[in-house]
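Data block below; observations after.
The values are calculated or read from the model by the stated rules, or taken from the named source; none is laboratory data. In this text, all values refer to a predicted model and were calculated from it rather than measured experimentally. Every residue, glycine among them, receives a Cβ derived from its backbone with ideal geometry; neighbour counts consider all protein chains shown.
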Amino acid sequence: MQLSNVAICGLLLMASNVFMTVAWYAHLKNFADKPWWVAALISWGIALFEYLLQVPANRIGYRELSLPQLKILQEAITLGVFVPFAVLYMKQPVKLDYLWASLCIVGAVYFVFRG
């Protein structure tokens with residue numbers, strides 16, 4: 001069984017977003033007592049892995065998806081990665097606003113992918 005370009009793109013973007021989310025936000029919990037530049041250097045190191053996955057994901061996805069479709073797909077994946085990270089790792093409370101924001105993203109996905 002061979003995965004489609006869109007499926008490969010989606011899987012790579014999911015993995016990339018895990019690295020991105022950790023790079024952007026984990027330092028708030030893990031390095032709060034360190035100078036900002038230490039957190040920035042560590043975050044840049046983590047973000048390298050994001051780019052090593054994100055760049056090929058977009059190149060593969062662009063074979064079949066338009067640029068706006070790629071962007072909305074990435075935003076939907078970002079929300080899908082960020083909410084569990086925020087709730088489970090960063091111990092943020094779940095709010096009804098997350099549902100509304102998610103529905104807006106679902107709407108964006110619908111409009112950009114409709115025929």
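List of remarks:
- Comparison of Val83, Val18 shows that the only residue that is within 17 Å of the chain's Cα centre (by Cα), at pLDDT below 95 and over 23 Å from Arg114 (Cβ atoms) is Val83.
- In region 71-104, the residue that is surrounded by the most Cβ atoms within 10 Å (Cβ to Cβ) out of those that are closer than 21 Å to Ala23 by Cβ and among the β-branched types (Val, Ile, Thr) is Ile77.
- Some residue of region 35-55 being in contact with a Phe, Trp or Tyr (Cβ under 6 Å, 6 or more places away or on another chain) and closer than 20 Å to Gly10 by Cβ: yes
- Residue within region 79-91 that is over 20 Å from Ala7 (Cα atoms) and not in a helix (DSSP H, G or I) present: yes
Matching residues to (1) surrounded by fewer than 18 Cβ atoms within 10 Å (Cβ to Cβ); (2) touching a residue at least 12 places away in the same chain (Cβ under 8 Å); (3) touching a helix residue (DSSP H, G or I) at 6+ places or on another chain (Cβ under 7 Å):
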| residue | (1), (2), (3) |
| --- | --- |
| Ser4 | yes, yes, no |
| Val22 | no, yes, yes |
| Asn30 | yes, no, no |
| Ile42 | yes, yes, yes |
| Gln54 | no, yes, yes |
| Arg59 | yes, no, no |
